[in-house]
Amino acid sequence: MAVELYGREAVFTAVLDEFFTYLGDEGAALRDQWLADPPDLVIDDASRAQPLLFAIGYALGRSVECQGIRLTALLGHSVGELAAAALAGVFGLRDAARLMRERAAATADVPAGGMLAAAASVEELRPYLDPGERPDSVVVGARNGPRQTVLAGSEPRLTSVEERLRRHGVPCRRVAARQPFHSPAMAHAAERFERAFATIELRPPKVPVWSTRTGARVSRQEATDPAFWARQLATPVQFWPALDAMLKSRDFLLVETGPGQGLSMLARRHHRVRQGHCEVVPLLPPRAAGALHTYRAAVRRMENTP
């Protein structure tokens, strides 16, 4: 994840070093694991992957800003929403590092589970889902597109649902996660995470943030409410509704600041992009190789876009 930029892009490197320093010994270990050749990271280990996903998204956003490119809106997926909040000035990087540490601690004791991506709509998947809010329920964890849905839940229930989907010919695959993010199993973790938010100063965003919790623009009241950000852990990611609402507000050059091009692929399915009203620019390649070249080419493209 963006290793080629480290040591070569000054702002990106400085922001990551600052973040790792704020994490203390954990940050030093995370940096060493990330930079190891080959990488010494287990990507489905939330205690390692989630802070790194946050840090890379935030550092890339800062790098883009320092190229003189003005951010006019922010939209983040799952932990990326916290990176969007930090970029918008809702909280600072020092507090963000503390929040990432507390987020990892809050989710450490959640029962084993996972996430399952299915090529089907929410309506088509409803017969496979559990009613109610039981901790072991399998529910919609993310609405990534009209027919790109992620289910989340505890084991062994999630495996049972996966087997039923495969028997009925519904294409599905596991997401790299050992825990049931964005499901009722995370309710107690979200409560603990909320207590961490209550200890820091939350400010209204300086740049509009479109929330994947509500599918709408974050209000001043929401931005300063600890529960708004913390409870995201236990509620579905409404990526597609949020993207749709944002693109209805105006046309954008959409810049993906995370690893891979998963969100770019989803955004390109939106009719505003297909019709040429909006463009999509991923800052990183689909795989690890070529990150520096892809990033610099993307920056040149942004600089040349009116």
Tally, over the range 92-142, of residues that are under 16 Å from A190 (Cα atoms) and basic (K, R): 4
The range 284-306, residues that are within 22 Å of the chain's Cα centre (by Cα), aliphatic (A, V, I, L, M) and modelled with pLDDT of 90 or more: L284, A291, L292, A298, V299
Residue under evaluation G290, criteria (1) open to solvent by 80 Å² or more (accessible area, probe 1.4 Å); (2) at positive phi, criterion not met: (1)
Contacts under 6 angstrom Cβ, first residue in the range 43-71 being assigned by TED's automatic domain parsing to the domain that holds A105 and of a type in the set (D, E), partner open to solvent by 40 Å² or more (accessible area, probe 1.4 Å) and not in a helix (DSSP H, G or I), 6 or more apart: D44/A176; D44/R178
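Table: residues versus (1) under 16 Å from A84 (Cβ atoms); (2) touching a strand residue (DSSP E or B) at 6+ places or on another chain (Cβ under 7 Å); (3) in the same structural domain as A152 (by TED's automatic domain parsing); (4) open to solvent by less than 40 Å² (accessible area, probe 1.4 Å).
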residue: T214; (1), (2), (3), (4): yes, no, no, no
residue: E222; (1), (2), (3), (4): yes, no, no, no
residue: P226; (1), (2), (3), (4): no, no, no, yes
residue: W229; (1), (2), (3), (4): yes, no, no, yes
residue: F239; (1), (2), (3), (4): yes, yes, no, yes
residue: R250; (1), (2), (3), (4): no, no, no, no
residue: V255; (1), (2), (3), (4): yes, yes, no, no
residue: G258; (1), (2), (3), (4): yes, no, no, yes
residue: R269; (1), (2), (3), (4): no, yes, no, no
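With V237, V280, V299 as the choices, which residue is farther than 20 Å from Q148 by Cα and touching a Ser or Thr at 6+ places or on another chain (Cβ under 9 Å)? Lay out the reasoning, then the answer.
Values: V237 fails: farther than 20 Å from Q148 by Cα; V280 fails: farther than 20 Å from Q148 by Cα.
V299 is the lone residue from the list that is farther than 20 Å from Q148 by Cα and touching a Ser or Thr at 6+ places or on another chain (Cβ under 9 Å).
The values are calculated or read from the model by the stated rules, or taken from the named source; none is laboratory data. Worth saying up front: this structure is predicted, and the values here are computed from it rather than measured. When we count neighbours, we look across all protein chains shown, and the Cβ atoms used for this are built from the backbone with ideal geometry, even at glycine. Only protein heavy atoms, including side chains, enter the accessible area calculation; ligands, DNA and RNA are left aside. Shrake-Rupley method; radii C 1.70, N 1.55, O 1.52, S 1.80 Å.
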